[in-house]
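Report on the following structure.
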């Protein structure tokens, strides 16, 4: 019986392909992060189920969350995965953002978010590079003083960021590229 775990459905239960652990349908589905055999699809649901194929690697799950599930409710789970993997934990910066110049969606987002401060995760990789990920929150940050109010008004968010470095950057950051780790030195620590 195929052991692929389908989100919100369960184990596949189709007959395996001959000599394999997965059925013909799932045998060629690869993890979206590392390219190895996918064992399940992502069950995170907001408006729809994510469904992105993943393997059982916690590192792949974390990278998937960084890219796709940086809502304020996911921060606690991200924090726990970083601790289990013993990797440098994320920091937070509030900055104006730019989505790059690749495609119409980036142009649309650049116009929509122009001059708005956004909540960004600062994540670190093994090559001393920093990637910034926009966190979906429904709270408008107009200036540096609003940052403390965010965490006072949303205590569930405060639990996720306990012990984190929280920064402010008054310039626009292109979130479509990676930066050297020392970019953090340009940020102003606020909490």
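All of the numbers you see were taken from the coordinates with simple rules; none came from a lab. Remember, it's a predicted structure, so these values are computed and weren't measured experimentally. All Cβ positions, even for glycine, are placed from backbone atoms using ideal geometry, and neighbour counts span all protein chains on display.
Could you give me the percent of Cα pairs per 10 Å distance bin for the stretch 1-69, shortest bin first, beginning at zero and ending with the bin that holds the maximum distance?
23, 50, 24, 3
Give me log10 I(q)/I(0) at q = 0.08, 0.10 Å⁻¹ for the chain, Debye formula, one equal scatterer per alpha-carbon, no solvent.
Cα-only, vacuum Debye calculation for the chain: -0.32, -0.49.
Among 123, 162, 39, determine the one that fluctuates most according to a GNM of the chain built with springs between C-alpha atoms less than 10 Å apart.
162
Compare 29, 78, 92 in a GNM of the chain, Cα atoms joined below 10 Å, and give the one with the largest fluctuation.
Greatest mean-square fluctuation among the candidates belongs to 29.
Give me the distance between the Cα centres of the stretch 100-146 and the stretch 1-26, rounded to whole Å.
Each part reduced to its Cα centre gives a spacing of 38 Å.
Taking the Cβ-Cβ separation of residue 111 and residue 164 as r and a Förster radius of 22 Å, what is the calculated FRET efficiency to the nearest 0.05?
0.15
In degrees, nearest 10, range 0 to 90: what is the angle between the Cα axis of helix 75-85 and the longest Cα principal axis of the chain?
The answer is roughly 70 degrees.
What is the helix-to-structure angle for 58-68, meaning the angle in degrees between its Cα long axis and the longest Cα principal axis of the chain, kept from 0 to 90 and rounded to the nearest 10?
Orientation of helix 58-68: about 60 degrees from the principal axis.
Suppose we take every Cα in the stretch 87-189 and form the convex hull; what volume per residue is that in Å³?
Working: hull volume 10.7 nm³, N = 103.
In the stretch 87-189, the Cα hull volume divided by residue count equals 104 Å³.
Among 117, 179, which comes first, second and so on when ranked by fewest other beta-carbon atoms within 10 Å?
On the way: 117 21, 179 17.
By the 10 Å Cβ count, ascending, the order reads 179, 117.
Say we join alpha carbon atoms closer than 10 Å with springs in a Gaussian network model of the chain; which of 135, 105, 122 then has the biggest fluctuation?
Fluctuation is largest for 105.
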